[in-house]
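One structure is given below, encoded as structure tokens.
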Amino acid sequence: MEWFNTRLVPALGKLSIIALLVTLIVLFTFQGYLIIELPAIIGMISLGILVNILVVFGATYIAGRVMRLSYEDASPAAIIAGSNHFEVAIAVATTIFGITSGAALATVVGVLTEVPFMLILVQLCKATKGTW
């Protein structure tokens with residue numbers, strides 16, 4: 001068990017980050033031109049993703065307050081609930097529909113949209129900590 005925790009888990013952690021980066025590079029290679037050629041489609045995908053994140057995050061954050069959860073429990077719960085877990089979405093979309101599919105395009109847009117928006121929500125959580 002010690003070998004598993006000290007050797008294998010750290011190695012797999014590094015490997016998973018590298019694999020995700022390579023996957024994103026390949027996706028951008030195949031789908032990047034669509035981001036430039038179809039900005040309206042990209043905007044619609046982004047808007048849907050942002051609304052989803054905001055509604056789920058907001059509902060979870062408010063529910064945490066109503067249930068009298070501590071800030072330390074409610075904030076991560078809301079951020080995790082609002083996340084779309086695009087790592088899994090990328091794997092599923094490319095495996096089932098192929099790397100040049102619309103689903104793969106949505107995962108590329110999702111990564112570009114979710115990361116900055118989630119950072120904003122983290123800042124919102126930090127800003128509201130004093131009101132908890």
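Tabulated results
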quantity: Residues satisfying the stated conditions in the stretch 11-41, i.e. within 30 Å of S75 (Cβ to Cβ) and either surrounded by 13 or more Cβ atoms within 10 Å (Cβ to Cβ) or of a type in the set (S, T, Y) (or both); calculated: S16, A19, L20, T23, L24
quantity: Only one of T6, T23 that is under 20 Å from V111 (Cβ atoms) and at pLDDT below 85; calculated: T23
quantity: Residues located in the stretch 51-68, provided they are free of Cβ contacts under 8 Å to residues at least 40 places away in the same chain and in contact with a helix residue (DSSP H, G or I) (Cβ under 7 Å, 6 or more places away or on another chain); calculated: V56, T60, G64
quantity: Which numbered condition T100 fails, given (1) over 22 Å from I17 (Cβ atoms); (2) surrounded by 14 or more Cβ atoms within 10 Å (Cβ to Cβ); calculated: (2)
quantity: Long-range neighbours under 8 Å by Cβ, at least six apart or interchain, first residue within 18 Å of V115 (Cα to Cα) within the stretch 18-31, second assigned to a helix (DSSP H, G or I) and among the hydroxyl-bearing types (S, T, Y); calculated: T23/T94; L27/T94; L27/T107
quantity: Every residue from the stretch 83-132 that is part of a helix (DSSP H, G or I), closer than 17 Å to S46 by Cα and either polar (S, T, N, Q) or touching a strand residue (DSSP E or B) at 6+ places or on another chain (Cβ under 8 Å) (or both); calculated: T107, T113
quantity: Tally, over the stretch 71-93, of residues that are farther than 25 Å from C125 by Cβ, at pLDDT 85 or above and buried (at least 19 other Cβ atoms within 10 Å of the Cβ); calculated: 1
quantity: Unmet criterion (only one of (1) modelled with pLDDT under 85; (2) surrounded by fewer than 18 Cβ atoms within 10 Å (Cβ to Cβ); (3) among the polar types (S, T, N, Q)) for T107; calculated: (2)
quantity: Test result for V55, surrounded by 10 or more Cβ atoms within 10 Å (Cβ to Cβ) and not basic (K, R); calculated: yes
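The values are calculated or read from the model by the stated rules, or taken from the named source; none is laboratory data. Everything numeric here is computed off the predicted structure, so don't read it as measured data. Every residue, glycine among them, receives a Cβ derived from its backbone with ideal geometry; neighbour counts consider all protein chains shown.
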